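To keep things clear, I will list the structure first and then write my remarks on it.
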Amino acid sequence: MLFTVSYESILGKLTSEEKRILNELEETIRNKKFGEHFSGNFAEMFEENNDEVKEYVNRFIDLVTKIKEKQAETYSDHIPQLITDLQLAVRRIIVNFFIWGNLSPSLFENEVVGGYIYAFLKPYLEYLEKKSPEEFNKMDNFIYEAVMRKYRVSFEELDKSRNQNKFALMRNGTATNQLMKIPPKKKQQEAKLDVLTNTAKFNHDNFLVTFEKFSEIQGLRTSTKKLLDELMIKFTEGNGKSLIVNLSLDEHMNIRGLKDEKEARKQVKEDLETLSNMTLTFNQKIDGKPKDFLNLKIIGTHGIKNGIISAAFDIGFHELILKYQPMPIPQAFLALNDNRNPNAYLLGRRISLHKNMNYGTKNQDIISVRTLLETCPNIPTKEEVAQKDRDYKRKILEPFEIGMNALEETKIFTWEYCHSKGEPLTDEELKNMDYEIFINLLIKITWTDYPVREIKKREIKRKKKK
């Protein structure tokens, strides 16, 4: 039995004619003409791909799909059990088709074989997608990786073939998005440092971040911001049910492309210390009404034990992020090297946020240079450069382009400068570009792949008002 919810229990919901057809089809498919119990001539049966086989199997698929649709509904809100059963079903199907049937990997794409497998999974996956899009995304990745493991493809090859276009879902909102704009510790001139209490304050657009034990922490580095996003991704995957988020150190190193475990541990501990010594003060609309958040703590208890990174979100922060909606973000961005490309991740994250916020509109892939620079505290402002050598190209334009080019190398998207209606710059304009031209330009993004989602009618109306 593939699923905990009994297949037989659903048979009682079939009409007598449906039962008769089901028995007839099962008997026909099981006889020697079509292979004995998915063995022996089963592979040849599908490889022949003859019309008679298709007729019987497709009729069987139609009926089984109806049964499975009724079965999926009986799970109600028992999503964890559905996930467990789906994983078992996938493993069982792989065994049936690839071991007993001795089928070649390429045959997995066969129209009939693929249809038969899909008949068993489709109703459950559709039900899961409707009930929990986050869990559906995880299951989609699980199915892919389960099949790839059967082919004995290494995770390194899997990363190259799949993860370039692999998106994670991450809840985000004012608190997490504004944090990305806070400068690193080295910008001491922007901090209001209280020497007696060893506390520093950073204020950006009425978003105040207070750091305790300022001399003892590394500050809000890009690695710290990435770690918070990793925790948010894990939080999103778990549907926000727990205050405590766990992430294995191995998974963290794999996501971030890190090789040195000792250095990875050190960096994580430092970043957790920074996050635990921060409080946020800001105003945000909640359920349509402005609300003040005063000295909101992000995480409390934290650490690394037995190879597991663990952090407990503060209760107030947990309640807030439960109201945040998830957005897709390419996991390849998290693996970008912060030393070589200190601005790349923050640029990629802001572009992903813009795409998610404007999805389905004509401006979804057009974003201004000014907007992108706002999320890059490592790039100095025009005023800061003017106080020194006024070398705007070397200190602003070039770091920006290096970051954007690093994102393009992930093959998630390509980019180019453009004007207000998306027209590309001429060669002459590119050649003569200075800061004043640069700061007024737009960036056009062309995604290699991006998760497709249905746009609800009320979402369309809201975006038209803009």
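Would you confirm whether or not the stretch 152-160 contains a residue that is at pLDDT below 90, in a strand (DSSP E or B), of a type in the set (Phe, Trp, Tyr) and within 30 Å of Ile83 (Cβ to Cβ)? Spell out how you get there, then give the answer.
Just the residues of the stretch 152-160 that are at pLDDT below 90, to begin with: 152-160.
Pick out the ones that are also in a strand (DSSP E or B) and you get none.
Looking for residues that are at pLDDT below 90, in a strand (DSSP E or B), of a type in the set (Phe, Trp, Tyr) and within 30 Å of Ile83 (Cβ to Cβ), one finds none in the stretch 152-160, hence no.
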Exercise. Failed condition for Gly240, given (1) open to solvent by less than 10 Å² (accessible area, probe 1.4 Å); (2) free of Cβ contacts under 8 Å to residues at least 24 places away in the same chain; (3) small (Gly, Ala, Ser), with all others met?
Worked result: (2)
Exercise. Which pairs have Cβ atoms under 7 Å, sit 6 or more apart or on different chains, and link a residue in the stretch 216-232 that is without any contact (Cβ under 8 Å) to a residue 60 or more places away in the chain to one that is open to solvent by less than 10 Å² (accessible area, probe 1.4 Å) and of a type in the set (S, T, N, Q)?
Worked result: Gln218/Thr274; Gly219/Thr274; Leu220/Thr274; Thr224/Thr274
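Looking at Asp287, is it at positive phi and open to solvent by 60 Å² or more (accessible area, probe 1.4 Å)? Explain how you work it out, then say what you get.
Details: at positive phi: yes; open to solvent by 60 Å² or more (accessible area, probe 1.4 Å): yes.
Yes.
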Seminar exercise, completed: Reported set for the stretch 354-401 where residues are without any contact (Cβ under 8 Å) to a residue 40 or more places away in the chain and on the phi > 0 side of the Ramachandran plot is Arg390
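For the stretch 195-262, give me every one of the strands (runs of 3 or more DSSP E) that falls completely inside it and has 3 or more residues that are over 23 Å from Phe282 (Cα atoms).
On the way: elements: 199-204, 207-211, 244-248.
Correct list: 244-248.
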Exercise. Only one of (1) in contact (Cβ under 8 Å) with a residue 40 or more places away in the chain; (2) surrounded by 16 or more Cβ atoms within 10 Å (Cβ to Cβ); (3) of a type outside the set (D, E, K, R) fails for Ser276. Which number is that?
Worked result: (1)
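Would you be able to say whether some residue in the stretch 441-452 is out of contact with any Gly (no Cβ under 9 Å at 6 or more places or on another chain), aliphatic (A, V, I, L, M), closer than 30 Å to Asn339 by Cβ and assigned to a helix (DSSP H, G or I)? Please lay out each step first, then the result.
Of the stretch 441-452, the ones out of contact with any Gly (no Cβ under 9 Å at 6 or more places or on another chain) are 441, 443, 445-452.
In the following step, the residues that additionally are aliphatic (A, V, I, L, M) were identified as 441, 443, 445, 452.
Within this subset, residues satisfying the condition of being closer than 30 Å to Asn339 by Cβ are 441, 443, 445.
This time we only want the ones that are assigned to a helix (DSSP H, G or I), so: none.
No; the residues of the stretch 441-452 include none that is out of contact with any Gly (no Cβ under 9 Å at 6 or more places or on another chain), aliphatic (A, V, I, L, M), closer than 30 Å to Asn339 by Cβ and assigned to a helix (DSSP H, G or I).
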Problem set entry | Residue in the stretch 295-309 that is over 19 Å from Met232 (Cβ atoms) and either open to solvent by less than 30 Å² (accessible area, probe 1.4 Å) or touching a strand residue (DSSP E or B) at 6+ places or on another chain (Cβ under 9 Å) (or both) present | yes
For this session: Tell me which residues, restricted to the stretch 432-443, are open to solvent by less than 70 Å² (accessible area, probe 1.4 Å) and either under 17 Å from Ile351 (Cα atoms) or in contact (Cβ under 8 Å) with a residue 60 or more places away in the chain (or both).
Result: Phe438, Ile439, Leu441, Leu442, Ile443
For this session: Go through Arg149, Arg92 for me and flag whichever is outside any loop (DSSP other than H, G, I, E, B), of a type in the set (D, E, K, R), modelled with pLDDT of 50 or more and out of contact with any Ser or Thr (no Cβ under 8 Å at 6 or more places or on another chain).
Result: Arg92
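The values are calculated or read from the model by the stated rules, or taken from the named source; none is laboratory data. Bear in mind the structure is a predicted one, so any value in this text is a computation, not a measurement. When we count neighbours, we look across all protein chains shown, and the Cβ atoms used for this are built from the backbone with ideal geometry, even at glycine. Please note that ligands, DNA and RNA were not included when accessible areas were found on the heavy atoms of the full protein model with its side chains. Shrake-Rupley method; radii C 1.70, N 1.55, O 1.52, S 1.80 Å.
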